[in-house]
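Participant: One structure is given below, represented as structure tokens, and several questions about it will come after.
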Amino acid sequence: MHYSLGIDAGGTYTDAVILRDSDSRILDTSKAITTYPNLMTGIRNAIDKLNPEYLSKVKLVSVSTTLSTNTILERTGYPVGLILVGDYTVPRELPADYCITVSGGHDSNGDELQSLDLTSVEQFAVSLKKKVSAFAVSSYFSTRNPEHELKIKNIILKLTGHPVVCGHELSQELGAYERAATAVLNAQLIPITYQFIHSIMTEIRERKLDAKVLMLKCDGSVIDIKGAKLRPIETIFSGPAASIMGASHLSGLDTCAVIDVGGTSTDVSIIKNGFPELCEKGAVVGGWQTRVKAIKMESSANGGDSHIWFKKCIRLGPRRVMPLCFAAVKYPNFREKLEKNPAPLRTMLSEHLQPTKFFVRTGEIPLNPTESEKKLLEVIGDEPLSIHDILNKMKRFPSPTVLDSLIQQRVIQAIGFTPTDALHVLGEYTEWDVETAQIGAKKLSRFTQIGIHAFCKKVKHQVAKNMAYSLISFMMEGRGKEGIQKMLEGEIPAQYKVTIPIVLLGGPVKAYYEELKALIDADIIVPEQARVGNAVGALVGKGIKRIEIIIRAYTMENPDQNFLVFTPVGRKTFEQYRTAVEYSYKTGEELILDSMKDFGLPEGSIKIDTSVEYLSPPGWKQTPMETKITFVGVCTPRNFN
């Protein structure tokens, strides 16, 4: 009997689940706090809570992680040297630490425009050998002919031994700037991904598990370890990908909308006929437009751990804090501190100055702290302190800017009232300390002049409205946002109807079912294992590989002779269209099978679908001006453990 282990290291919690492969039955689940910056501690804690007997029979481990996304967002990737080849116009900065432009590049037919300046490349590589951890190369029209990128890659490998990422290896789409940005970000992630994968493999060996390891990609498919090391950029946004795949599996639905309420954010997305909708232009991460095909989704800073605070009205987020109810479990004296913390004057209230807001050290060491940060860190220690406590120690109020900086660096953690606390007060989710949540609600509700339960119900209703707004806004692609809000606020006597089922995921989502049902007319489903849906999603992702091959006439003057075939591995020329098509189909299928061989599956288990698009002007009667053949290979690694 073979089992599979799914792990999702999310922004707040790390979930783990064990499935029996024969019938996909969930045998065991666990949850642990995600640990930064070392995600392995949280992963290890989640695995430790699982049944050892089931764990010993695991033959496949699949991981979804925020590692790549967080590294890019926090700009903590490793230093990279970028080589741009050809007549590059860079519209704005690129995320590389060092950059050089050299002569070379090709035209849209893949013909060389200029000879490649390898001497400049060699000098650049040698000068950076001890300054960077990887190189990125992006050549003009490398998707039509990757010859110059490959030559540079070989030279740099010989001279430095560092990893080299080529733009054409990550995307076959046009867009030189976007390919360059994608290549740089991917290069930045390689060292940190190597470390993470090494840690995962070490953990598996130490537990004496004979298991294959996969990672979830941002399009909802899985990638083997070899591919993840080479193309870690493809694992960005794997959290939303995990949620949509998990929702589909747990509900048994091939088509549905998904609302995933995490600790940090709420993500909404749609899956149709078993495949998630993808962003055609590529994912945007950390402000960088990439050529990585990711799930089309919308994320809002509206999670179970969003900060609830008061200034003229009840405010929700956008920042995440540690819930009061959880802080009371982690810090034994916290409940008493909360109870004794004085309430500020109503006129002094701010996001940080609240009767329920505290700060505590995380154990992380700040990089190059300012003098103001050093002084504040001398005061904030391993026990939570309120602004009032800090004022007593420093004899002045701490700067909000300094607090924000240290929170962003994860050097200190904020603690405050959250929707999770509100649910504890209402008795609808009681994982942690209920009494501490009640104290927090009492302190905040005094500013609202409504009772504790009414205050918590208002918070809960606001969270549900935000969930509904995120979904409807996503489905309508931002059209009429003001009208959506008015309808959900009840200002317009109408209700939205959604004709596909809505699946809710996340720990306490069951508590929001009735509120959401009152806001949206739809079939709303809360799966039994909704709390660990992302870990299930990490496990049920299929192996999917997409390859595009383009056939074009060499010249429009003579469109029935001499054809160019552009593939991910290079350019080929054929005299006849029929021969070009035959080569394209053969190459496409070979590339699909080759890319999936590391899954260790029999060839017969890999299904390959092809689709063809012809591009010609109206009335065109000759051979198509351009033929695009798309190959999609699909396999299910878990079925062959």
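Participant: Could you please find all residues in segment 354-365 being out of contact with any Phe, Trp or Tyr (no Cβ under 8 Å at 6 or more places or on another chain) and touching a residue at least 40 places away in the same chain (Cβ under 8 Å)?
Facilitator: First, pick out the residues of segment 354-365 that are out of contact with any Phe, Trp or Tyr (no Cβ under 8 Å at 6 or more places or on another chain): 355, 359, 361, 363, 365.
Selection gives PRO355, PHE359, ARG361, ILE365.
Participant: Can you tell me which of GLY570, GLY604 is at pLDDT below 90 and on the phi > 0 side of the Ramachandran plot? Before you say what the answer is, go through the steps one by one.
Facilitator: Values: GLY604 fails: on the phi > 0 side of the Ramachandran plot.
Testing whether each residue is at pLDDT below 90 and on the phi > 0 side of the Ramachandran plot leaves just GLY570.
Participant: Could you tell me how many of the residues in segment 348-402 are farther than 16 Å from ILE412 by Cα, out of contact with any helix residue (DSSP H, G or I) (no Cβ under 8 Å at 6 or more places or on another chain), among the aliphatic types (A, V, I, L, M) and part of a helix (DSSP H, G or I)?
Facilitator: 2
Participant: Name the residues in segment 587-637 that are part of a loop (DSSP other than H, G, I, E, B), closer than 30 Å to GLN561 by Cβ and either of a type in the set (D, E, K, R) or touching a Lys or Arg at 6+ places or on another chain (Cβ under 8 Å) (or both), would you?
Facilitator: So in segment 587-637, the residues part of a loop (DSSP other than H, G, I, E, B) come out as 596, 600-602, 606, 616-625, 636.
Subsequent filtering for residues that are closer than 30 Å to GLN561 by Cβ retains 616-625.
Answer for segment 587-637, where residues must be part of a loop (DSSP other than H, G, I, E, B), closer than 30 Å to GLN561 by Cβ and either of a type in the set (D, E, K, R) or touching a Lys or Arg at 6+ places or on another chain (Cβ under 8 Å) (or both): LYS621, MET625.
Participant: Determine if segment 462-473 includes at least one residue that is part of a loop (DSSP other than H, G, I, E, B), in contact with a helix residue (DSSP H, G or I) (Cβ under 6 Å, 6 or more places away or on another chain), buried (at least 16 other Cβ atoms within 10 Å of the Cβ) and of a type outside the set (S, T, N, Q).
Facilitator: Here is the first cut: in segment 462-473, the ones part of a loop (DSSP other than H, G, I, E, B) are none.
There is no residue in segment 462-473 that is part of a loop (DSSP other than H, G, I, E, B), in contact with a helix residue (DSSP H, G or I) (Cβ under 6 Å, 6 or more places away or on another chain), buried (at least 16 other Cβ atoms within 10 Å of the Cβ) and of a type outside the set (S, T, N, Q).
Participant: Hey, another quick one. Given the structure, is VAL213 modelled with pLDDT under 85 and over 19 Å from ARG546 (Cβ atoms)? Reasoning before the result, please.
Facilitator: On the way: modelled with pLDDT under 85: no; over 19 Å from ARG546 (Cβ atoms): yes.
No; evaluated as a whole, the condition is false for this residue.
Participant: May I ask you to list the residues in segment 274-306 that are of a type in the set (A, V, I, L, M, F, W, C) and either touching a residue at least 40 places away in the same chain (Cβ under 8 Å) or not in a loop (DSSP other than H, G, I, E, B) (or both)? If you could, list the steps in order and put the result at the bottom.
Facilitator: Step one: filter segment 274-306 for residues of a type in the set (A, V, I, L, M, F, W, C), giving 275, 278-279, 283-285, 288, 292, 294-295, 297, 301.
If the condition is that a residue be of a type in the set (A, V, I, L, M, F, W, C) and either touching a residue at least 40 places away in the same chain (Cβ under 8 Å) or not in a loop (DSSP other than H, G, I, E, B) (or both), then PHE275, LEU278, ALA283, VAL284, VAL285, TRP288, VAL292, ALA294, ILE295, MET297 are the ones that fit.
Participant: Now for a separate question. Given the conditions (1) modelled with pLDDT of 95 or more; (2) among the aliphatic types (A, V, I, L, M); (3) part of a loop (DSSP other than H, G, I, E, B), which single one is not true for ILE156?
Facilitator: Among (1) modelled with pLDDT of 95 or more; (2) among the aliphatic types (A, V, I, L, M); (3) part of a loop (DSSP other than H, G, I, E, B), the lone unmet condition for ILE156 is (3).
Participant: Next up: Out of (1) among the aliphatic types (A, V, I, L, M); (2) without any contact (Cβ under 8 Å) to a residue 60 or more places away in the chain; (3) out of contact with any Asp or Glu (no Cβ under 8 Å at 6 or more places or on another chain), the odd one out for VAL402 is which?
Facilitator: Every condition holds for VAL402 apart from (3).
Participant: Looking at segment 188-210, is at least one residue in contact (Cβ under 8 Å) with a residue 24 or more places away in the chain, crowded, with 21+ Cβ neighbours inside 10 Å and farther than 27 Å from PRO637 by Cβ?
Facilitator: yes
Participant: Just to check your reading of the model, which residue among VAL425, VAL379 is in contact with a His (Cβ under 9 Å, 6 or more places away or on another chain) and either surrounded by fewer than 19 Cβ atoms within 10 Å (Cβ to Cβ) or among the β-branched types (Val, Ile, Thr) (or both)? Walk me through it before giving the result.
Facilitator: Details: VAL379 fails: in contact with a His (Cβ under 9 Å, 6 or more places away or on another chain).
None of the others qualify; the one that does is VAL425.
Yes or no, residue by residue, for (1) modelled with pLDDT of 90 or more; (2) in a loop (DSSP other than H, G, I, E, B); (3) surrounded by fewer than 23 Cβ atoms within 10 Å (Cβ to Cβ):
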{"site": "GLY6", "(1), (2), (3)": "yes, no, no"}
{"site": "ASP23", "(1), (2), (3)": "no, yes, yes"}
{"site": "ASP28", "(1), (2), (3)": "yes, no, yes"}
{"site": "PRO37", "(1), (2), (3)": "no, yes, yes"}
{"site": "MET40", "(1), (2), (3)": "no, no, yes"}
{"site": "ASN45", "(1), (2), (3)": "yes, no, yes"}
{"site": "GLU53", "(1), (2), (3)": "yes, no, yes"}
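Participant: Suppose we keep only residues that are in contact with a Lys or Arg (Cβ under 9 Å, 6 or more places away or on another chain), not in a helix (DSSP H, G or I) and not acidic (Asp, Glu) within segment 109-127. Which one would you say is nearest to HIS162 (Cα to Cα)?
Facilitator: LEU116
Participant: While we're looking at this one, here's another question. Can you say whether LEU84 is modelled with pLDDT of 90 or more and either hydrophobic (A, V, I, L, M, F, W, C) or in a loop (DSSP other than H, G, I, E, B) (or both), as far as the supplied structure shows?
Facilitator: Numbers: modelled with pLDDT of 90 or more: yes; either hydrophobic (A, V, I, L, M, F, W, C) or in a loop (DSSP other than H, G, I, E, B) (or both): yes.
When the stated conditions are applied, LEU84 passes them.
Participant: Applying the selection to segment 586-633, what residues are out of contact with any Leu (no Cβ under 9 Å at 6 or more places or on another chain), surrounded by 15 or more Cβ atoms within 10 Å (Cβ to Cβ) and among the charged types (D, E, K, R)?
Facilitator: Those that are out of contact with any Leu (no Cβ under 9 Å at 6 or more places or on another chain), surrounded by 15 or more Cβ atoms within 10 Å (Cβ to Cβ) and among the charged types (D, E, K, R): GLU589, ASP598.
Participant: For segment 128-153, which residues satisfy the criterion of being in a helix (DSSP H, G or I), open to solvent by 20 Å² or more (accessible area, probe 1.4 Å) and under 23 Å from ILE192 (Cα atoms)?
Facilitator: Taking segment 128-153 as the starting set, the residues that turn out to be in a helix (DSSP H, G or I) are 128, 147-153.
Add one more test, that the residue is open to solvent by 20 Å² or more (accessible area, probe 1.4 Å), and what stays is 147, 150-151, 153.
Selection gives LYS153 alone.
Participant: Next up: Can you work out which of the residues in segment 269-300 that are open to solvent by 50 Å² or more (accessible area, probe 1.4 Å) and small (Gly, Ala, Ser) is farthest from the chain's Cα centre (by Cα)?
Facilitator: So, considering only residues that are open to solvent by 50 Å² or more (accessible area, probe 1.4 Å) and small (Gly, Ala, Ser), the one farthest from the chain's Cα centre (by Cα) is GLY287.
Participant: Anything in segment 71-120 that is among the β-branched types (Val, Ile, Thr), open to solvent by 50 Å² or more (accessible area, probe 1.4 Å) and within 30 Å of ASP404 (Cβ to Cβ)? List them, or say none. Before you say what the answer is, go through the steps one by one.
Facilitator: Going through segment 71-120, the residues among the β-branched types (Val, Ile, Thr) turn out to be 71-72, 76, 80, 83, 85, 89-90, 100-102, 119.
Narrowing further to those that are open to solvent by 50 Å² or more (accessible area, probe 1.4 Å): 76, 89-90, 101, 119.
The one that is among the β-branched types (Val, Ile, Thr), open to solvent by 50 Å² or more (accessible area, probe 1.4 Å) and within 30 Å of ASP404 (Cβ to Cβ): THR76.
Participant: Show the residue pairs that are 6+ apart or on different chains and have beta-carbon atoms under 7 Å apart, the first residue being within segment 408-420 and more than 22 Å from GLU339 (Cα to Cα) and open to solvent by 40 Å² or more (accessible area, probe 1.4 Å), the second being in a loop (DSSP other than H, G, I, E, B) and β-branched (Val, Ile, Thr).
Facilitator: Close Cβ pairs (under 7 Å, with a partner that is in a loop (DSSP other than H, G, I, E, B) and β-branched (Val, Ile, Thr)) amount to ARG410/THR362.
The values are calculated or read from the model by the stated rules, or taken from the named source; none is laboratory data. Everything numeric in this text was worked out from a predicted model, so none of it was measured. Note that each Cβ is placed from the backbone with ideal geometry, even for glycine, and that neighbours are counted across all protein chains shown. The protein model used for the area step is the full one, side chains on, heavy atoms only, and it has no ligands, DNA or RNA in it. Shrake-Rupley method; radii C 1.70, N 1.55, O 1.52, S 1.80 Å.
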